[in-house]
Each structure stands twice: as C-alpha cells, then as structure tokens.
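Student: Questions regarding the structure given below will be posed in turn.
Here, each number is a calculation from the coordinates, and none is a lab measurement. None of the values given here were measured: they were computed from a predicted structure. Cβ atoms come from the backbone with ideal geometry, glycine included; neighbour counts cover every protein chain shown.
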Amino acid sequence: MSPRLRAVGGFGLALAALFAIGTATAACNTILGLGDYVVGHPADAGVPFDAQVGDEADASMGSTPDATAPSDGSSASDAPNCDADPRTFTDPSQCYACAPTTSPQFANACTNSMCVPFDDTRLTNLPADGGLPPVPPKDAASE
Amino acid sequence: MTPPVRLSALAAAAFAVSLGAPRAAKAQANDAGADAGALIACDQLPNAVDPDASIPPVVYIEGSTGSQPFVTQLQQVLSSDEDPINLVYVGDGSCVGTSNFFGGQQINTNALSPPPSPTYYTGPSGTAQHCAIPSGQVTDIAVSDVYAPSCGNLPGGVLPPNIADFPGPVQPMLFAVPKASDQLSISANAAYFVFGFGAGSGVAPWTVNASIYRRDPTSGTQALLSVATGIPLTQWAGVDATLLPVNITDKLSGTSAVVNALEMDPNPEQAIAIFSATNLDVTKVSVLAYKDRDQACGYYPDSSPTARDKANVRDGHYALWGPIHFFTNVDSTGTPVNHNVQRILNYVTGTLPAPDGLDLVQIEAVANLVPECAMRVKRMVEMGPLVSFAVPSCGCYFDYVATGQSACQTCAKQSDCPASAPVCNTNYPKAFCETQ
C-alpha cells in the first residue's frame, strides 16, 4: 500500500476521510492504552489528533490535521496498514496506526501529541545522494 | 508490594528545594573554590542527629550533574535517617566521574573550571557543606548520563565483570534556542550540520559559530548527542560555553553556562545550544522539537511546548534520552559489594521506596526526569532500538505530580479498580489504578 498521500476530492470523500481519521485516532488510543492513560493538562485541552501542522510557522497555532491525510499513508477508506514501513513516511501527517513493536513504529505511532515538521530542504550542504559528508576537523568548523 | 509512601512535610520541603535547583547549582559553583585545607575530611563527617554517636558510613558518588536534583534530596534525608549514611557528591561531569572510577583513580575535584567541591548535608533543611576528599579515595558510585562506552574512556570498551550499570531515571537531552527565536524544530541531519560544521553548516539561521553553544567531550549531554547525530565526540563545532569569559566570571559551569550563554546571546535567532532537560528553565529558553532520521515529523519531549508530561519521551516519539547510569563494584552475582551502596541504588532505581517519605517520583518529575516505572519504552544501548517496556506501574502518579492532574481513576484498594487498570498502586501519596 502506498504511503504517499492522495488528494481526496468531493465533500463525501472528505467526510469519509474524516471518519477514517477519527477511527484511526481511536485505534491509536486503544492500542497504546491511552484510553486509561490519558495525560491531562489545561494547556493541552482540546489538542486534536497529533495537532500536526503543515509548516513550522503554524506549529504554535495548533492547526488541525489534514483531513485528506490517511494516518498510515493508506487510502482514507482502508483499514490501517500494519505492514506499512514508517521509515517511508514522507508527510508529517502520516502516522503508524497499529500497535508499535519496532523503533520506527514507536517513533511514528499515532499520538495526541503536537508535532512540528522540519524541512530538510533547508540543508543546503546535503549532497544530492542524501549521504552526510564527514565532519571537518574542529578548527575548520569555526569562523 | 512495597509499603506506602507518605507525603510528609519533608517531601514537601524537598519539592520546594528542587524547584530552586538552578539557583542552588549556581551557589554551589560559587563555593567551589573553598580552601580544602580548612575542610573536614569527608570520611570523618559526624552523625547529623547525634554528634556523640559513631561516625556514619560514607558513600561517595561522582559524575553527572544531571543527578543532582534527587541526589541532593537523598543526601539530606540519609544524613538524618535512623540508619544514617553520609552521601558525599562530586558533580564533575559524567565522563570525568566514570573515567576516574573505571581507572581506579582518586576523585578529582580540580578536574574542571571552576572545580566542584565535594558536598554533603546535615539534615533535611541543611545547606550544602563541603568536605575534603581523603587522599587516594576512589568513588563508590560513578554516575553518568550515558552508557559506559559513550565517553570513550572505558578500557576495552566493555564493562568488566566486577562493575555493573544500574539504570536510574530517564533524562531527556535538548536542542534549545532563546525565547526570542522563531525556530521551532530541528532534524537529526540539521543538527549534524549545525554542530558539526558551525559557520559552514548551511542551515540558516544557525550559521554563526560563536552563537552555537555546546559542552565539551567530558559532558554526558554531548556524548549522548554525538551518538544521536553522528558527530564525533571531539569534533563538535560551536563554542564550549563554560570557557566564555562571562561564565568564567560568574563561575558558571556545565549546563548553567550553556543556558546563560544562550540567554545572553545578542542575536537570538542565530543562537542554539544543547543541554540536559534536568536544567531546563522554560522562562529563559525554548526547546526545539526534534525529528529523528526515521521520523516524518519532529516532537517535543512533552506532548506540547507547554506541557510537562514527557509523553513523547515515555512512548518513543522523542528520541533524545537515556537513563542516568549508576556504576559500582559488584560481586559475582551482580550485587553491589558495599551494602550501603546497594541501599542507595535501590532508592534511585525505584526498587525500594526512598526513606522518610521522600517522594523521588515527584522530585524527578519536577526536575524533568522520568522514573523507569513511568516509561512505556526502553533501550539497552545508547540511542539503540526501542522496545516495549511492559506496562508502566507509576504512569498515572507521574502524570499527577508532573502535570497536576491525571485522567486515571483514584483508588483506595484493588477492588476499586477496573479490569483495564487493575492495580491500585498505594506506594505513593495519591493512589491510582495503574495497569501493573
């Protein structure tokens, strides 16, 4: 199942997506035991599912998640894909909606916590192949 | 089930003291230059309750300053306990403390600038006092923010069979910016460029080396973040905040120096720093959300920038954490050879309730630490893979003391609890139905 997001058109489909997200959220809470383990804090009251935001500047505003974004990258009308590899998630609104058992699954599990993306296109010295260049000797790193 | 812990006036006092930890740390640093020649020997400290009684046993603990919030409370309580121990603490840094211990070297109180003084307490309301380390004295416990190999000072790279690692509360490590900065998050790769390349990072706005604040290679914070980012421990760019003239003048060391440098930087948008959450003062700095290499989004240690729940540390969304480690000599069964050391380790690892009603869960929560019993994941090596950690047995109580409330059901006995959370944990001043 593709982890990539798909734009969903039409009001009916949007409603279906909202329903699916809500279901996935409930699933996360149940799977993670959050139903009997919810953390309460006045500042967090009403924080929506993940409070995931489209860009860093919006993070503190707590914008709502993209209703068209399936929680595990699957089609909005599908059940959660427990075989999805969270390391392939490229959109911040994607999350792993099943019981996590591996590090990438824990790190990307659906959650009520706020997340803030970081745009790695800001890394102007990152080689095209994505590999990291070796760190220079300490003296060369200073001005 | 261990006996109930009562919330005593002592615990309340400890809570108040812990709130003032940053100020206390500074005061200690200012006292660091005390004349050792005029001090009482640490192995001759009297009984704090009855000066005519025999001299209590002394236990030395050396290393991480991250442990100070709860070590201080234990020092105070144990000094006046009915079975007293004079716990002497030297906060000379994780890698200094472990290096001395692994190498069988004397506790070195002059290893840093300013040098840390050995501290002890005489009762729960006392202030830190200083003593002189006896010649040749090796610490009984080395405390470190990182696993034994991470400092690079462990002979052979693995612990010998006569030394064991007892993990204590979990400590998050942070990337942070001044309050005036607009920056909200950082990725592992961005951190690699910023703290590995300094002025040449290519990651705006963090391109001014003089505004990139770090610790030094003896710091557990820097050691853990080296493993996390891939920057070699000795090749960090930026500036060692403890060497800044303003911090030397004010005798600020370690994390206090980093926070001070960050707060005073004239170009807040370009400033960034690392330190441990134990010393976090949210009125001075802003914590950045962190996106690890296998993540699609960045997370704060807490569920939001203003929360105090450590939710993302506890469930594995926030990657930058590790337990505080207590290293000591053990016998062939893995038991500490010094029974007084074993007693202290039982307290800090949560195996036994701390004496005299000392509520270490509360103290750790206030200090931004997470007791193991509130964690839902664990790891066995530095920044290693996460595995599920059974079910937390004090998660509800941790929420309560960390955030002021918990959604869990309160209880007085087991039969009050639902099947989904069947254990009424009465070990703490307020009992909740926990899942284990």
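Student: I need the Debye-formula profile for region B:230-312: one equal scatterer per C-alpha, no solvent, reported as log10 I(q)/I(0) at q = 0.12, 0.23, 0.26 1/Å, two decimals.
Tutor: Relative scattering, expressed as log10 I(q)/I(0), comes to -0.43, -1.23, -1.32.
Student: Go through region B:157-166 residue by residue and turn each phi into a ³J(HN,Hα) via Karplus (6.51, -1.76, 1.60, θ = phi - 60°); whole Hz please, and just put x for glycine and proline.
Tutor: Going residue by residue, I get x, 9, 5, x, x, 8, 10, 10, 9, 9 Hz, with x marking Gly and Pro.
Student: Let me ask you something else. Could you sort the peptides B:416-422, A:124-130 by per-residue average Cβ neighbour count (10 Å cutoff), highest mean leading? Intermediate results must be reported in sequence, preceding the final value.
Tutor: Numbers: B:416-422: 14.1, A:124-130: 10.0.
The packing order, highest mean first, is B:416-422, A:124-130.
Student: Using amide H atoms built in the peptide plane, which far-off residues or other-chain residues are under 5 Å from residue A:109 H to H?
Tutor: A:96
Student: Could I ask something else about it? Using amide H atoms built 1.01 Å from N in the peptide plane, name the residues 5+ places from residue B:59, or on other chains, whose amide H lies under 5 Å from its own.
Tutor: Result for residue B:59 returns B:86, B:87, B:88.
Student: Mind ordering B:345-354, B:208-217 by average Cβ neighbours within 10 Å, highest first?
Tutor: Working: B:345-354: 19.0, B:208-217: 22.1.
Packing order, densest peptide first, comes out as B:208-217, B:345-354.
Student: If you don't mind, there's one more thing I want to ask. What are the ³J(HN,Hα) couplings of region B:123-130, residue after residue, when phi is run through the Karplus curve with 6.51, -1.76, 1.60 and θ = phi - 60°? Round to Hz, x for glycine and proline.
Tutor: Whole-Hz 3J(HN,Hα) from phi for region B:123-130: x, x, 9, x, 9, 5, 10, 10.
Student: Explain nothing, just compute: Karplus ³J(HN,Hα) = 6.51 cos²θ - 1.76 cosθ + 1.60, θ = phi - 60°, for every residue of region B:288-296 in order, whole Hz, x for Gly and Pro.
Tutor: Listing the rounded values in order: 8, 5, 10, 9, 6, 5, 9, 10, 8 Hz.
Student: Picking from B:409, B:183, B:270, which is most flexible by a Gaussian network model of chain B using Cα springs under 10 Å?
Tutor: Highest fluctuation of the listed residues: B:409.
Student: Oh, and also: Quick one: which of B:310/B:378; B:291/B:378; B:251/B:291 span more than 23 angstrom between C-alpha atoms? Mind showing how you got there, number by number?
Tutor: Numbers: B:310/B:378 14 Å; B:291/B:378 19 Å; B:251/B:291 34 Å.
Exceeds cut-off: B:251/B:291.
Student: Same structure, new question: I need to check one value: relative contact order of chain B, counting alpha carbon pairs closer than 8 Å and at least 6 residues apart, in percent. Before the final figure, lay out the partial values.
Tutor: Working: 989 pairs, mean separation 82.1, N = 436.
In percent, rounded to a whole number, it is 19.
Student: Near residue B:393, within a Cβ-to-Cβ distance under 10 Å, what is the net charge of the other residues, with Lys and Arg +1 and Asp and Glu -1? Can you show the working numbers first?
Tutor: Working: positive: none; negative: B:372, B:434.
Its environment carries a net charge of -2.
Student: What lysines does residue B:284 reach when the alpha-carbon gap must be under 18 Å and sequence neighbours fewer than 8 apart in one chain are set aside?
Tutor: Those lysines meeting the cut-off are B:26, B:179.
Student: With the cut-off at 1.5 for a/c, could you classify region B:311-405 from its C-alpha gyration tensor as rounded, prolate or oblate?
Tutor: Since a/c reaches 1.5 but b/c is at least a/b, the shape of region B:311-405 is classed as oblate.
Student: Report, as an integer, the average count of C-beta atoms from other chains found within 10 Å of each Cβ along B:192-201.
Tutor: Numbers: counts 5, 8, 1, 2, 7, 7, 7, 4, 6, 4.
What the average comes to for B:192-201 is 5.
Student: Taking Cα atoms of chain B, Rg/Rh with Kirkwood Rh, to two decimals? Numbers along the way, then the final one.
Tutor: Working: Rg = 21.1 Å, Rh = 22.1 Å.
Looking at chain B, the ratio lands at 0.96.
Student: When B:331, B:292, B:359 are ordered from fewest to most other Cβ atoms inside 10 Å of their Cβ, what list results? Please report the intermediate quantities before stating the final value.
Tutor: Numbers: B:331 11, B:292 21, B:359 26.
If I rank by nearby Cβ atoms, fewest first, I get B:331, B:292, B:359.
Student: Taking beta carbons within 10 Å but only from partner chains, what does the mean come to for residues B:300-309?
Tutor: Values: counts 5, 1, 6, 11, 11, 5, 6, 9, 3, 6.
Averaged over the peptide's residues, the number is 6.
Student: Enumerate the amide H contacts of residue B:187 below 5 Å, restricted to partners 5 or more residues apart or on another chain; note that Pro and chain-start residues carry no placed amide H.
Tutor: Under 5 Å from the amide H of residue B:187: B:291.
Student: Follow-up. Ratio of Rg to Rh for region B:165-260, alpha carbon only, Kirkwood? Mind showing how you got there, number by number?
Tutor: Working: Rg = 13.6 Å, Rh = 14.1 Å.
Here the Rg-to-Rh quotient is 0.97.
Student: Right, another one. For residue B:413, give me every one of the lysines with a C-alpha distance below 26 angstrom, ignoring sequence neighbours fewer than eight places off in its own chain.
Tutor: Excluding near neighbours in sequence, the set is B:430.
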